[in-house]
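Visitor: Supplied in structure tokens, the structure appears directly below.
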Amino acid sequence: MSGEGLLVILVVGLIAGWLAGHLVRGTGYGLIADMCIGIVGALIGSWLLPRLGIHLGAGVVAAIVSATIGAVLLLLVLRLVSRQRRW
């Protein structure tokens, strides 16, 4: 990955984290943590979706959708892990 590609993933991740925070209700992580989760979700989405054979196309909108999918998956996994710890 080039430096420009990583920068795009970080910016898109910030947007995706905000979107994922609104899509997955009840996580309670807050705005800053949701943005950090969005950045990690962007990395997950850019890695996982092509491996599954899902290609959304090129462009910023496709990158935001891919990152949002990765962030939502990460938020759901974090929700499952945090629920198991409460038991």
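Visitor: If I fit a long axis through the Cα atoms of helix 60-86 and take the longest principal axis of the Cα atoms of the chain, what angle between them do I get, 0 to 90°, rounded to 10?
Guide: It works out to around 20 degrees.
Visitor: Rounding to the nearest 10 and keeping the result within 0 to 90°, find how far the Cα-based axis of helix 31-51 lies from the longest principal axis of the chain.
Guide: 50
Visitor: Percentage of Cα-Cα pair distances in the stretch 15-82 greater than 20 Å, rounded to whole percent?
Guide: Distances greater than 20 Å cover 21 percent of the Cα pairs.
FYI, it's all coordinate maths here, none of it is from the lab. On a predicted model such as this, the values are computed, not experimentally measured, just so you know.
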